[in-house]
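Novice: Following this message is one structure expressed as structure tokens.
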Amino acid sequence: MKVTDHIREANGETLFSFEIIPPVKGRNIKELYDNIDPLMEFNPPFIDVTTSREEYVYIDRNGLLDKKLTRMRPGTVGICASIKHKYDVDTIPHVLCGGFTREETEYLLVDCHYLGIDNIMALRGDAMKEEKYFEPSEGGHKYASDLVKQIHNLNQGKYLHEVIETDDCSDFCIGVAGYPEKHMEAPSLKSDLKWLKYKVDLGADYVVTQMFFDNKKYFDFVKEARDMGIDVPIIPGIKPIAIKKHLHLLPQVFRIDLPQDLIDAVENCKDNKEVRQVGIEWAIEQSRELKNAGVPVLHYYSMGKSTNIKAIAESIF
């Protein structure tokens, strides 16, 4: 079932969803299930599964280092299929431009269609660790908008090298990312919103925002998006702070601002156990205000851990 259908059928009630990270290569999927199980009581209509970029590793071959590309967290589509089967819940694989050719993307989308996956989150992805700026793979997409266009074309039966007339075309609901504090590479928020509008015009059906810690930034972002003609659902993404290191790591990686009240509260904590509680309480207050404002979904970035998300959900849903 499509995300947009879930939202429509909720009749204005705010839904609960969350995002997980595939386990590192070689780990058992049971660890993933153990973190999903406690959250199923809140009836998530869908669960997002991230995709990691490829990265270089160095293998010692008789004293010489051999540089190889690998993926440390493979299996996004397989995990989506497994979760969908185990919990009877819709899953949303994150599909990236980076690390994939257009042909590989088409194969992945065809697999999703065969598996009955109805939703795709279309993202550009980050630059590799060795790159200062994002560089597309040879034969791959440079922008998320190109990926949206490919998915939309596939929904019309337009494959890369042929047009297939069939009664069983894919009909993916396409999600894209939005940035209440603008994408780090955008010169301005208005410029960033123009690109978001372009993705919606190409066929994106809904938006999930990057994490933010000041709800005013989300409300302002939604207003400016609506003023620009972006009329699809805009789902807020919430991440509870969990460790003191997040004070410096999150602004550095995601180019976001943290409210001074939150900074002060975290800095006054004796240890990360206290920080985790501060993060939970802050996210609860964020969630209450957003829910009271009638947001369609509260989407939580769990980062593979569920205890803090469960504590938040128990206060909100």
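Novice: Counting Lys and Arg as +1 and Asp and Glu as -1, what is the net charge of the other residues whose Cβ lies under 11 Å from the Cβ of I284?
Specialist: Details: positive: R288, K291; negative: E281, E285, E289, E314.
Result for the local shell: -2.
Novice: Okay, moving on. Quick one: 3J(HN,Hα) in Hz for segment 85-101, Karplus 6.51/-1.76/1.60 with θ = phi - 60°, rounded, Gly and Pro as x.
Specialist: With coefficients 6.51, -1.76 and 1.60, one gets 6, 6, 10, 6, 10, 5, 10, 10, x, 8, 10, 9, 6, x, x, 9, 7 Hz.
Novice: What order do you get for Y218, Y133 when you list them from fewest to most C-beta neighbours inside 10 Å? Walk me through the numbers before you get to the answer.
Specialist: Details: Y218 24, Y133 6.
Placing the least packed residue first, the sequence is Y133, Y218.
Novice: Using the basic label-point model (7 angstrom from Cα toward the beta carbon), what is the E224 to I243 distance in nanometres?
Specialist: For the pair E224/I243, the computed spacing is 3.2 nm.
Novice: Quick one: I309, I234, fewest Cβ neighbours within 10 Å first, how do they rank? Could the numbers behind the result be given before it?
Specialist: On the way: I309 25, I234 21.
Neighbour counts put them in this order, fewest first: I234, I309.
Novice: Skipping prolines and chain starts, which residues have an amide H placed within reach, meaning under 5 Å, of the one on I20, given they are 5 or more residues away or on another chain?
Specialist: Distant-sequence amide H within range of I20: D48, V49, T50.
Novice: Using helices alone, I'd like the mean residue ellipticity at 222 nm for the chain: each DSSP H run of four-plus residues gives -39500 (n - 2.57), total over residue count, nearest 500. List each step's numbers first, then the result.
Specialist: Details: 11 runs with 126 residues, N = 317.
That calculation yields -12000 deg cm²/dmol at 222 nm.
Novice: I need the phi-derived Karplus couplings for segment 145-154: 6.51 cos²θ - 1.76 cosθ + 1.60, θ = phi - 60°, integer Hz, Gly and Pro marked x.
Specialist: 4, 5, 5, 4, 5, 5, 5, 4, 4, 4
Novice: Say we join alpha carbon atoms closer than 10 Å with springs in a Gaussian network model of the chain; which of K217, K132, K199 then has the biggest fluctuation?
Specialist: K132
Novice: So which residue, out of G12, G75, G279, gets the largest mean-square fluctuation from a GNM of the chain using Cα contacts under 10 Å as springs?
Specialist: With Cα springs under 10 Å in the chain, the top fluctuation among G12, G75, G279 is at G12.
Novice: Need one number: nm distance between label points at I29 and E103, each 7 Å from Cα along Cα→Cβ, rounded to one decimal.
Specialist: Placing both labels 7 Å along Cα→Cβ, they lie 2.8 nm apart.
Novice: Now a separate question. Assuming 0.36 nm per residue, please report the length gained on full extension of the stretch Y87 to Y114 beyond their Cα-Cα distance.
Specialist: Values: separation 27, 0.36 × 27 = 9.72 nm, distance 1.85 nm.
The span from Y87 to Y114 would gain 7.9 nm if fully extended.
Novice: On to the next question. HN-Hα J couplings of segment 266-281 from phi, Karplus 6.51/-1.76/1.60, θ = phi - 60°, integer Hz, Gly and Pro as x?
Specialist: 3J(HN,Hα) across segment 266-281, in whole Hz: 5, 5, 7, 6, 6, 8, 6, 5, 5, 4, 4, 5, 4, x, 5, 5.
No lab work stands behind these numbers, since they all come straight from the coordinates. These figures come from a predicted structure and were not determined experimentally. Every residue, glycine among them, receives a Cβ derived from its backbone with ideal geometry; neighbour counts consider all protein chains shown.
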